[in-house]
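What follows is a set of notes on a single structure, which appears directly below.
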Amino acid sequence: MHDLRPFRLWNPYLVAEMMNKSNWKPIGSELSAILDAEPNPIAALAAGTIPAVVFRQAFPANECSELVQFLVDEELIFDSTKSLVAAGALDAGVTDKWTGLEINPVGTPRRRIDIGTSLGNLGGDQEHFLNDSAETHQLFGRLFENRPNPVRLIYDRLQEIAPGKKVVTAYEPDGRQYGPAIFRVHYGGYAYGPHFDSVHNREQRTDYSVYKYKSQLAGVLCVQNSTLNGVAAQGIIHRQFWNEEVDPWMKSGRFAQYAAEHDVESVQVDLEPGDLYFFNTGLIHEVPGVPGELPRIVLATFIGYSDDEDEVMVWS
Ligand SMILES: O=C(O)CCC(=O)C(=O)O
Ligand SMILES: [Fe+2]
């Protein structure tokens, strides 16, 4: 075997991928093939035995581009052919859960716009979070009253891969619902470094009903991609659940080194606008930024799942 170290310095994930001799691959791309491969897909995602479930063209690409234009017309996002600079901050005062910095300070190029309610960002104040969630339900109700509803689509596909379970929007015991889904609009090559998402293990939101779930998954619809010189921003999922051992490597920004040294498998899930993927957010994952002309736009959800819970709860 050749010494691979120089390549590791260049791209450790590629090396891990070259060494990936297992069958740890996404399943898709339509329901019959998914169920043939895995009769209980959501349980397989929770166990980590498959990295992702992909529905191709779940929301057709032409409807995605019509949706983007609609969101521009509604002044919820900027027409990126005109200006990337914030005139006023839509999300003034909201801090980014990764960097701790304000998301869109006035006068700086926008990096990310969220349309919807984020438990990660607002969950520290439950009253505020639930009020904001109610506003998001109203907004989405108005936006999708007379047009194809991509939120519904995510829930419907999720129900299909969750046999015997009931998919619902997450709620508190008093019936108040969380935000149903969130549009994330990433400008200027916005990147998610290697991370995991867990209301249980990371944010420790003990005062929320979704805390009870053993697994957290995500359902993400690609609405628009950011492409530069033929390279598009795509998610990478590592076959490594977050744990105490890997935690210091992540905190010091050296997960790539850990992955290379431990031969952690990884897959890149290539999505076109209209494709929907589900994965386990307890696995370390990332989306390297690509500073294309258009922002990357996704409609994102988190999902709570336990083998012994009848309900599968969805939130953002
Ligand atoms: O945009 C994606 O594909 C995944 C983003 C992500 O990891 C997150 O929102 O936590
Ligand atoms: Fe994530």
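Here, each number is a calculation from the coordinates, and none is a lab measurement. Remember, predicted model here, so these are calculated numbers, not experimental data. Using ideal geometry, Cβ is built from the backbone for each residue, glycine included, and neighbour counts are taken over all protein chains shown.
With both labels modelled 7 Å from their Cα along Cα-to-Cβ, the GLU244 to ASN23 distance reads 3.5 nm.
How much length is gained if the chain between VAL72 and GLN57 is pulled fully straight, taking 0.36 nm per residue apart and subtracting their Cα-Cα distance, in nm to one decimal?
Working: separation 15, 0.36 × 15 = 5.40 nm, distance 2.22 nm.
Full-extension gain reported as 3.2 nm.
Count Lys and Arg as plus one, Asp and Glu as minus one, and take only other residues whose Cβ is under 10 Å from that of SER29; the net charge is then -1. Computed from label points 7 Å out along Cα-Cβ, the spacing between LEU31 and ASP307 is 2.6 nm.
Provide ARG296, ARG202 in ascending order of the number of other Cβ atoms located within 10 Å of each residue's Cβ, fewest first.
With the sparsest Cβ surroundings first, the list reads ARG202, ARG296.
Using θ = phi - 60° and the Karplus curve 6.51 cos²θ - 1.76 cosθ + 1.60, what whole-Hz ³J(HN,Hα) does each residue of the range 235-240 get, with Gly and Pro shown as x? Couplings: x, 10, 10, 9, 7, 8 Hz.
In the range 178-235, a dipole from Cβ-located charges (positive for Lys and Arg, negative for Asp and Glu) runs towards its positive end, and of HIS195, PRO180, TYR211 it is TYR211 whose Cα lies farthest in that direction. Rounded to the nearest Hz, the phi-derived 3J(HN,Hα) couplings of the range 116-124 under the Karplus curve 6.51 cos²θ - 1.76 cosθ + 1.60 (θ = phi - 60°) are x, 10, 9, 4, x, 8, 10, x, x, where x marks glycine and proline.
Between ALA47 and ASN229, the modelled label-to-label distance comes to 4.3 nm, taking each label 7 Å out from Cα in the direction of the beta carbon.
Packing-based ranking of 159-168, 180-189 yields 180-189, 159-168, ordered from highest to lowest mean Cβ neighbour count within 10 Å. The string of couplings for the range 57-63 from the Karplus curve (6.51, -1.76, 1.60, θ = phi - 60°) is 6, 5, 10, x, 3, 5, 6 Hz, one whole number per residue in order, with x for Gly and Pro. Taking amide H as placed 1.01 Å from N in the peptide plane, the amide H of ALA162 sits under 5 Å from none that are at least 5 places away or on another chain.
What is the gain in length, in nm to one decimal, between ARG152 and LYS212 on full extension, counting 0.36 nm per residue of separation less the C-alpha to C-alpha distance? Show your work: numbers first, answer last.
On the way: separation 60, 0.36 × 60 = 21.60 nm, distance 2.43 nm.
The ARG152-LYS212 span can extend by a further 19.2 nm.
So how do MET313, MET250 line up by other beta-carbon neighbours within 10 Å, fewest first?
Ordered by Cβ neighbours within 10 Å, fewest first: MET250, MET313.
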